[in-house]
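Chemist: Quick one: structure below, then a few questions.
Just so you know, all these numbers are worked out from the coordinates, no wet-lab data involved. Remember, predicted model here, so these are calculated numbers, not experimental data. Here Cβ is always computed from backbone atoms with ideal geometry, including for glycine, and neighbour counts include all displayed protein chains.
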Amino acid sequence: METQEGPAGNTWSGTDPSAGPPPAPLPRSFFQRDARVVARALLGKVLVRDDGRSARIVETEAYRGSLDPGSHTYRGPTPRNATMFGPAGHLYVYFTYGMHWCANAVCGDESDGTAVLLRAAAPLTGLEAMRDARRVRRDVDLCNGPAKLCQAFGVDRAFDGADVVAADRGLWFADDGTAPPRRPGNSTRVGLTQGRDHPWRWWVPGDPNVSKGRPS
DNA sequence: GGTAAGATCAGC
DNA sequence: CTGATCTTACCA
C-alpha cells in the first residue's frame, strides 16, 4: 500500500497549509479524447506546479487540427507545432506577439494535431510566486488570460513538450473533486481571424477570473 | 532573403 | 485604441 504522493521527482511546497498533499495528475486517457470534450472537462480542474503554485482552470478553447483553420496545425507539421502532433497529455507552448507564451494540453490521438488552450484560471496557492512573476494590483489579474496564466506560472519555451501526466517538468493537472459546470459558458474563440465561426470556447459562468478577451 | 501576421497585454 | 516586440511561415 502506498501513501498518497505526488509525481515522482516532484517536491510539493504549497504555501497554503490547507492545500494538503500534492494531488495526483490526471491520467493520459483524460486527454485522449476530442479536444472539445477535454476543453469542457478541464473547467474546474487544477493546474499545479511543484513549487506550490496552483490555479483552477476557468476558461478554455479547443483547437482541432486539420479540421480547424484557426489551429496552428491546420496546415500540417512545422518545427513549431511538433508537440501538438505528438501524444496526448503533453504541453504545447508557443510564443506569440513577440513577447507572450501560451500553453495548450495536447488531446486526441497522436498526429491529430488537436489541443486545448488554457485561457484563464483562478489562483489557489503560491500567490506570492505569481505576484512576483506579474506586477499587478489585483490577484484577479494574475491568470485571467492565456499569456498571463503562463507568466504567473513561469511557463515558457522550457515547458514545450512537457508531459503533464508523468509531470516530468513539475507541472500537471489535478482533480480536487470540483466538477465542471453543468452548463458552461460558450462562445466563439478569442483573437482569431480564421476559424472564428466555431463556438469552441468555454468558461465557468460568473467566475471573475475569466479573461476579458472578446470573441472574434 | 524579405515580409506580413500573429490563439496578447497594458496603458492611454 | 494603439504600441510593443520578434518568431514563424511562406513566398520569391
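Chemist: May I ask you to list the residues in segment A:72-110 that are assigned to a loop (DSSP other than H, G, I, E, B), touching a strand residue (DSSP E or B) at 6+ places or on another chain (Cβ under 9 Å) and more than 15 Å from DNA strand C (Cβ to nearest atom)?
Modeler: Selection gives A:Pro87, A:Ala88, A:Gly89, A:Gly108.
Chemist: Can you confirm whether A:Gly89 is more than 15 Å from A:Ala55 (Cβ to Cβ), of a type in the set (Gly, Ala, Ser) and within 13 Å of the chain's Cα centre (by Cα)? Outline the logic, then answer.
Modeler: Details: more than 15 Å from A:Ala55 (Cβ to Cβ): yes; of a type in the set (Gly, Ala, Ser): yes; within 13 Å of the chain's Cα centre (by Cα): yes.
So A:Gly89 fits the description; yes.
Chemist: With respect to A:Thr188, determine if the residue is under 18 Å from A:Ala55 (Cβ atoms), more than 16 Å from DNA strand C (Cβ to nearest atom) and either surrounded by fewer than 22 Cβ atoms within 10 Å (Cβ to Cβ) or without any contact (Cβ under 8 Å) to a residue 40 or more places away in the chain (or both).
Modeler: Here the answer is no, as A:Thr188 does not meet what is asked.
Chemist: On to the next question. Looking at segment A:102-129, which of the residues that are surrounded by fewer than 21 Cβ atoms within 10 Å (Cβ to Cβ) and hydrophobic (A, V, I, L, M, F, W, C) is nearest to DNA strand B (Cβ to nearest atom)?
Modeler: A:Cys102
Chemist: Still on this structure, please answer the following. So A:Asp132 ticks every box in (1) acidic (Asp, Glu); (2) under 17 Å from the mean Cα position of the chain (by Cα); (3) surrounded by fewer than 17 Cβ atoms within 10 Å (Cβ to Cβ) but one. Which box is left unticked?
Modeler: Failing condition for A:Asp132: (2).
Chemist: A follow-up question, please. Starting from residues that are within 7 Å of DNA strand B (Cβ to nearest atom) and in contact (Cβ under 8 Å) with a residue 60 or more places away in the chain, keep the ones in segment A:52-91 and report whichever is farthest from A:Thr188 (Cα to Cα).
Modeler: The residue in question is A:Ser71.
Chemist: Here's a check for you: in segment A:49-73, which residue that is within 18 Å of A:Ala88 (Cα to Cα) and among the aliphatic types (A, V, I, L, M) is surrounded by the most Cβ atoms within 10 Å (Cβ to Cβ)?
Modeler: Among those that are within 18 Å of A:Ala88 (Cα to Cα) and among the aliphatic types (A, V, I, L, M), it is A:Ala62.
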